[in-house]
Amino acid sequence: MKVVVRTPHHESELEAVPKTSLREIFHTMGKSLGIQETWWFGLMYKGPDNEDVWVDKSKKSLKDLQKNLAFNYAVKYYPEDVTEELIESITIEYFFLQVKALILKDEIYCPADTCVLLASYALQVRHGDYLKDQVNEDVFKKQKLLPERVIKQHNMPLSEWETSITNMWLKHRGLDKEDAMLEYLKLVQNLEMYGVSYFNIRNVKGTELLLGVTALGLNIYKVDDRLNPTISFPWSEIKNLKYKGTKFVIRPNDKSAKNFVIITTNEKVSKQILNLGIGNHELYVRRRKPDTPEITRMKEKANEVRKTKLSIRQKYNSERLAREEAEKRETMYKQQLEDMRVEMERKQASLLEAEKTIRKLQEQLEDLKRSKEELEAQRVELQEMMERLERSKTMEAEEKLKLEEEIRAKHEEVQRIQDEVARKDEETRRLQEAIEEAQRKEEEARLRQEEEERRRHEEELRREEERRQRELEEANRTEKELESLPDADNTLPDVKPINDQLKEQLKTLQEQLNATKTNDESELDRIHRINLLEGRDKYKTLRDIRKGNTSRRVEMFENM
């Protein structure tokens with residue numbers, strides 16, 4: 001049977017037999033994509049109500065899901081801080097592509113000015129530095145850069161949107177692809193709906209509410225406000241999750257707090273909440289423990305790659321600056337040459353007479369030179385005649401001395417060659433010894449590497465078997481006892497700041513957007529506007545609603 005797996009880059013068709021496990025499909029895709037940080041990802045499909053349905057990777061075979069053989073390989077879990085937790089460039093890219101798609105589809109609410117800034121980072125990711133000669137209308141027409149909501153809510157022609165995006169794009173000069181993706185993700189991480197999986201629920205009173213499962217814990221929202229949770233429970237406060245049918249029970253760590261119950265729409269939703277809750281809690285615990293050797297190796301390797309890329313980028317930037325400087329000098333020299341040409345033309349008339357004088361002087365110098373040469377030739381000829389006369393008197397004695405000198409020179413030349421040969425022999429011997437020593441060390445290194453790879457392979461097989469056993473155990477579980485972290489650090493981060501170079505442009509853009517805004521304001525737009533007026537942001541809201549003990553917040557939830 002054919003299994004279709006979609007990724008942000010492409011769609012893959014896999015041939016599989018009915019007994020193939022979903023776990024095998026998941027790991028096959030991870031390997032083919034070159035993704036090692038597989039713990040962030042999962043296989044999912046869209047349910048009848050367009051909801052995300054995550055399939056259990058430990059299911060025994062595909063035959064259990066014959067009606068759903070088209071999956072998305074997608075980000076399932078989100079980190080608390082993308083800059084600290086995402087390791088490899090390929091992982092960062094897949095997060096970027098998925099989050100960008102959610103922003104453009106308006107599945108994550110994003111205000112208009114931030115949308116423009118995000119679009120400028122997206123252009124930096126795709127095209128690199130802005131180059132006026134290479135940017136044309138196709139750059140903006142062939143890709144979606146803003147959500148339809150943002151464009152419809154403002155009376156601005158597309159050319160003005162493009163100008164605003166381009167002005168910000170210019171500020172990203174020198175930012176490489178990975179850094180631009182991280183800047184994009186840092187901004188999206190500030191958004192209230194980022195990394196939240198929403199589920200329709202009811203409390204015991206029957207009040208319709210939303211449950212948000214996140215990297216930081218469980219949030220409770222009113223149905224008409226997905227931006228501001230009203231109650232929040234960090235993972236460190238939750239001891240046990242279990243469900244039976246549509247009844248989902250959460251047991252707090254605080255023994256004085258009673259269990260609280262949420263009612264889901266159906267049993268499948270209950271299982272999805274349990275699955276996401278377990279996965280998010282495990283990552284929450286793991287990031288609060290020392291890195292495993294595997295993670296440490298991955299980080300070291302990724303850091304080495306980034307250092308190499310940084311060195312290359314610095315070299316490229318130096319060459320670019322040198323090229324730009326050379327172009328400036330060339331332009332300056334051309335101008336100087338043009339100025340000199342004009343000056344020369346202006347003085348040409350006055351130089352003609354001087355040239356005639358110079359030619360006459362040159363002719364006189366030539367005559368003088370010929371006379372000197374003739375005199376020198378006569379002097380040399382006379383000298384040679386005198387030397388021949390002197391040699392004729394002592395010819396025999398000189399020939400003897402010359403022969404002795406030649407013999408002595410020949411002996412010295414022979415000795416020199418012998419010394420040179422001996423030196424080269426010694427040098428060759430040392431070189432041969434060095435080669436043999438290098439070959440010996442290379443063989444030792446090869447054997448050590450093979451032994452290390454063998455041990456690593458055995459360790460991977462052991463971990464794989466342990467993971468397989470855990471997943472098989474989880475497959476039929478309706479309850480999960482969560483690892484307790486009573487002293488966990490639940491300090492919430494601050495909103496990631498915007499680059500200082502962009503703040504002034506954002507202020508100008510915001511004034512322009514306010515001036516062109518229509519009355520077509522959505523409910524989320526209204527809530528966001530009120531949040532800005534009250535000075536609230538994602539983390540400030542969480543800090544406020546987490547005040548007080550667990551018991552008080554459980555009572556608040558039940559009384560909503």
Restricting the range 538-550 to residues that are in a helix (DSSP H, G or I) and in contact with a strand residue (DSSP E or B) (Cβ under 8 Å, 6 or more places away or on another chain), which is farthest from K496 (Cα to Cα)? T550
Answer with yes or no whether Q153 is over 23 Å from Y198 (Cα atoms), surrounded by 14 or more Cβ atoms within 10 Å (Cβ to Cβ) and touching a residue at least 60 places away in the same chain (Cβ under 8 Å). yes
Among (1) closer than 30 Å to Y284 by Cβ; (2) outside the structural domain of H27 (by TED's automatic domain parsing), which single condition is A119 missing? (1)
Residue identified as assigned to a helix (DSSP H, G or I) and either at pLDDT 90 or above or assigned by TED's automatic domain parsing to the domain that holds T508 (or both) among M193, M168, M156: M168
Set G245, G174, G195: member being surrounded by fewer than 18 Cβ atoms within 10 Å (Cβ to Cβ), touching a residue at least 60 places away in the same chain (Cβ under 8 Å) and small (G, A, S): G174
Any idea which residue in the range 107-128 is farthest from K31 (Cα to Cα), counting only those that are over 15 Å from the mean Cα position of the chain (by Cα) and assigned to a loop (DSSP other than H, G, I, E, B)? P111
Return yes when G535 is out of contact with any Leu (no Cβ under 9 Å at 6 or more places or on another chain), among the small types (G, A, S), part of a loop (DSSP other than H, G, I, E, B) and at pLDDT 85 or above and no when it is not. yes
Which helices (runs of 4 or more DSSP H) does the range 1-106 wholly contain that include 2 or more residues that are in the same structural domain as E523 (by TED's automatic domain parsing), at pLDDT 90 or above and of a type in the set (A, V, I, L, M)? 89-104
Within the range 109-123, does at least one residue satisfy the condition of being of a type outside the set (S, T, N, Q) and in contact with a strand residue (DSSP E or B) (Cβ under 8 Å, 6 or more places away or on another chain)? yes
Would you call R287 at pLDDT 80 or above, surrounded by 10 or more Cβ atoms within 10 Å (Cβ to Cβ) and in contact with a Pro (Cβ under 9 Å, 6 or more places away or on another chain)? yes
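The values are calculated or read from the model by the stated rules, or taken from the named source; none is laboratory data. From a predicted model like this one, the values you see are computed outputs, not experimental measurements. As a convention, Cβ positions derive from the backbone with ideal geometry for all residues, glycine included, and neighbour counts pool all protein chains shown.
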